[in-house]
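S.K.: The structure's right below; bear with me while I get my questions together.
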Amino acid sequence: MEKRFYLETFGCQMNVVDSERIVALLEGVGYRQVAHAADADLVLLNTCSIRDKAERKVYGHLGRFKPIKDENPSLIIGVGGCVAQQEGQRLLDKIPYLDLVFGTHNVHKLPEMVRDVEENRVRCLETEFLDRETRLRLFPERSEGDTISRFVTVMQGCDNFCSYCIVPYVRGREVSRPSGQILDEVRRLAEQGVREVTLIGQNVNSYGRKEPGEIPFAQLLNKVHEIAGIERIRFTTSHPKDLSDELIGCFGSLEKLCWHLHLPVQSGSDTILHKMNRGYTRQQYLGIVQRLKEACPQIRITSDIIVGFPGETEQDFDDTLSLMKEVDYADVFSFLYSSRPETAAAKLSDTLTKAVKQERFDRLIALQTETSARIWASDQGKVLPVLVEGESRQGAGQLFGRTTWNRIVNFTGDRKLIGTIVPVRISRVYKNSHLGDLKIA
Ligand code: SAH
Ligand code: SF4
Ligand code: F3S
């Protein structure tokens, strides 16, 4: 009898890629994915622990599965990803109806673990970090699927130890995947009809630096650029301290490279940047932004900002607002600082009140809402090239795609256009997407 699994994914692109791998592995052992936990024999959560709220969500979701398991005691419930890595045995101790916990380096063991639970009704835990060689061998490779735009993993882990961040603890040391393997994967994807690749890793700018003889990231981009069939290239995430001049130059020289860069600044204050262990100053960051705009005047930059880092003064926060104005970000993802276990910042005394943090957060959002609205409104009336990714949920005959700035555009058109770049006149600008009309040349 065919078995069914239900999978929910939280967090960043790393988890998205791992989840694709989970799907492939489970399908390989006779499981089929279903849309509702109530219909499943196996329920999995691929979790994120970047902030306390994300971690708490896991417990909330697990609670929802409890009544389903009460009804169906043979249901297997598992947790993977960063909370699994962080909590390990503690998760099993806290949640008596949980059957398996697999860490960020143990996705490949899932089929074996599931079988063990099925056959022996034991509880399983695998959260060992793997050595470099094994990780290199197990780099996620996914050549299935029918999407136009795909993530390709170029590196895993992070060695930066920003003082607030849990990622180095839950994802382990940085390893770069051999460039030959990456290029092979991109070539295969191109042959299957993929037109856009996003090269992903926690800090792609330091790609290859720790692997003897490996090419730097800017050269990897150049090689991906040569692959026929790939029309657009993106990459994320970039760490400002590792953004080389050669890489900045790519925005001027590589025409497939989209005019968008996500370049998280975290704070505009030198004092806070130093306490965050970010490795650059406000002035250095602004210098990079200036060089990017010189290399590619059309570039739009987005960022992540943390509000209320321990000890953040009113002056520090004003420095963040003024930096935002100077850069003119197209979008900012802002987060209230959340203390994370094991991190260096968790030891700093956090004297700011919740009200002060929230008030600053609201001011930041107000500023960014205004800036984003102005920047996206400037697309109104323009004819922009849109890579058509699929049919939109709006209904029959409706397509969606993205501009070079990664903005979704919905418009009416024929399915046959999927996978091509078409000119679309932007007719309406909403908060998170555009509406447009296909311009037939
Ligand atoms: N590797 C990427 C992304 C890391 S996580 C990078 O370096 O940019 C995504 C964002 O979450 C970070 O950029 C940061 O803004 C935010 N973040 C990470 N840890 C946090 C914490 N403890 N509290 C609040 N926000 C956090
Ligand atoms: Fe976290 Fe910093 Fe690494 Fe990004 S670069 S994952 S913020 S430690
Ligand atoms: Fe979250 Fe883990 Fe990514 S903590 S942001 S899912 S690396």
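Computed from the coordinates by the stated procedures, all read-outs in this text should not be read as laboratory data. The structure presented is a predicted model; accordingly, all values stated were derived computationally and were not measured. Cβ sites come from the backbone with ideal geometry, for glycine too, and all protein chains shown count toward neighbours.
S.K.: Can you sort Trp259, Trp376 by how many other beta carbons sit within 10 Å, fewest first?
M.R.: Trp259, Trp376
S.K.: Set the Förster distance to 25 Å, then compute FRET efficiency between His225 and Val16 from the Cβ-Cβ distance, nearest 0.05.
M.R.: So, using R0 = 25 Å, E works out to roughly 0.60.
S.K.: Right, another one. If the viscosity is 1.002 mPa s and the temperature 20 °C, what Stokes-Einstein diffusion coefficient in µm²/s follows for the chain when Rh is the Kirkwood radius over Cα pairs?
M.R.: It comes out at roughly 91 µm²/s.
S.K.: What's the local net charge at Glu326, with K and R +1, D and E -1, over the other residues with C-beta under 12 Å away?
M.R.: Surrounding charge for Glu326 is +1.
S.K.: Compute, for the chain, the length of the dipole vector about the Cα centre, with Cβ point charges of +1 (Lys, Arg) and -1 (Asp, Glu) only. Units Debye, rounded to 20.
M.R.: I would put it at about 660 debye.
S.K.: Which lysines have a Cα less than 25 Å from the Cα of Lys382, not counting those fewer than 8 places away in the same chain?
M.R.: Within the straight-line cut-off, Lys382 pairs with Lys256, Lys293, Lys325, Lys416, Lys431, Lys439.
S.K.: Using the count of nearby Cβ atoms within 10 Å as a rough guide to exposure, how do Ser244, Ser206 rank from fewest to most?
M.R.: Sorted ascending by nearby Cβ count, the order is Ser244, Ser206.
S.K.: Over segment 230-315, what is the mean sequence separation of C-alpha contacts under 8 Å (at least six apart), divided by residue count, expressed as relative contact order in percent?
M.R.: 35 percent
S.K.: Given Gln398, Ala228, Val43, which one lies farthest toward the positive end of the charge dipole of the chain, if we put +1 on the Cβ of every Lys and Arg and -1 on the Cβ of every Asp and Glu?
M.R.: Toward the positive end, the furthest listed residue is Gln398.
S.K.: Would you mind counting up the charge near Ile418? Only other residues with Cβ under 14 Å from its Cβ, with Lys and Arg at +1 and Asp and Glu at -1.
M.R.: Residues close to Ile418 contribute a combined charge of -2.
S.K.: Using +1 at the C-beta of Lys and Arg and -1 at the C-beta of Asp and Glu, which of Cys82, Val17, Cys250 has the Cα lying farthest in the positive direction of the dipole of the chain?
M.R.: Ranked along the dipole, the leading option is Cys250.
S.K.: Roughly what would the spin-label model give for Gln284 and Lys431, points 7 Å off Cα along C-beta, in nm?
M.R.: 3.7 nm
S.K.: Can you list the residues of segment 253-270 with backbone N under 20 Å from a point 7 Å past the Cα of Phe333, pointing along Cα to Cβ?
M.R.: 258-268
S.K.: Moving to a separate point now. So which aspartates and glutamates can Lys94 reach, going by Cα to Cα under 19 Å and dropping same-chain residues fewer than 8 places off?
M.R.: Asp52, Glu55, Asp70, Glu126
S.K.: Something else: Share of antiparallel DSSP beta bridges in the chain, in percent to the nearest 5?
M.R.: 30 percent
S.K.: Taking neighbour counts of Cβ atoms within 10 Å as a proxy for exposure, in what order, fewest first, do Arg393, Arg278 appear?
M.R.: Arg393, Arg278
S.K.: While we're on this one: Apply 1/(1 + (r/R0)^6) to the Cβ-Cβ distance of Thr369 and Ile440, taking R0 = 41 Å, and write down the FRET efficiency to the nearest 0.05.
M.R.: Approximately 0.70, to the nearest 0.05.
S.K.: How large is ³J(HN,Hα), in whole Hz, for each residue of segment 238-243 in order, when computed from phi with the Karplus curve 6.51 cos²θ - 1.76 cosθ + 1.60 and θ = phi - 60°, using x for Gly and Pro?
M.R.: Listing the rounded values in order: 9, 9, x, 5, 10, 7 Hz.
S.K.: Hey, what's the Cα Rg ratio for segment 383-438 versus the globular rule of thumb, 2.2 N^0.38 Å?
M.R.: 0.95
S.K.: To the nearest 500 deg cm²/dmol, what mean residue ellipticity at 222 nm is calculated for the chain from DSSP H runs of n ≥ 4 alone, each contributing -39,500 (n - 2.57), summed and divided by the residues?
M.R.: One gets -11000 deg cm²/dmol as the mean residue ellipticity at 222 nm.
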